[in-house]
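Undergrad: Before we start, here is the structure in question, set down as structure tokens.
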Amino acid sequence: MAVLIKRYNLAHENARLPHARLHDLRHIHATTLLIAGTSVHVVAARLGHADPSITLRVYAHVIKSAEASAAETFAKAIGQ
């Protein structure tokens, strides 16, 4: 991973990538899916979690913000 980032940064001086671990990319992947509304069960399966409760514990903060967003969307839809 570090080699790929270094190679990219050498070729793109004006658009450098920060250091990232493979685990960071895994977290971004799961977070993006959850924010987009993907089912926790689907995300858990993609991450290889044996039980969706693991995913719920790790990403509780993401799920709570998505719930707040859903509530705002619903309120707008009913004219509140």
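Undergrad: Say R0 is 35 Å: what FRET efficiency, to the nearest 0.05, do residue 51 and residue 16 get from their beta-carbon distance?
TA: 0.35
Undergrad: Continuing with this model, one more query. Quote to one decimal, in nm, the extra length available between residue 31 and residue 58 on full extension: 0.36 nm per residue of separation minus the C-alpha distance between them. Display every interim value, and only then the final one.
TA: Details: separation 27, 0.36 × 27 = 9.72 nm, distance 1.01 nm.
Working it through step by step, the gained length comes to 8.7 nm.
Undergrad: Once you have the Cα-Cα distance between residue 23 and residue 8, take 0.36 nm times their residue separation minus that, and quote the gain in nm to one decimal.
TA: On the way: separation 15, 0.36 × 15 = 5.40 nm, distance 1.93 nm.
Between residue 23 and residue 8, full extension yields 3.5 nm more.
Undergrad: Take every Cα-Cα pair in the chain and report what % of them are more than 22 Å apart. Let's see the in-between values first.
TA: Details: 1438 of 3160 pairs.
Everything past 22 Å amounts to 46 percent.
Just so you know, all these numbers are worked out from the coordinates, no wet-lab data involved. Bear in mind that the values here come from a model prediction, so they are computed numbers and not experimental data. Note that each Cβ is placed from the backbone with ideal geometry, even for glycine, and that neighbours are counted across all protein chains shown.
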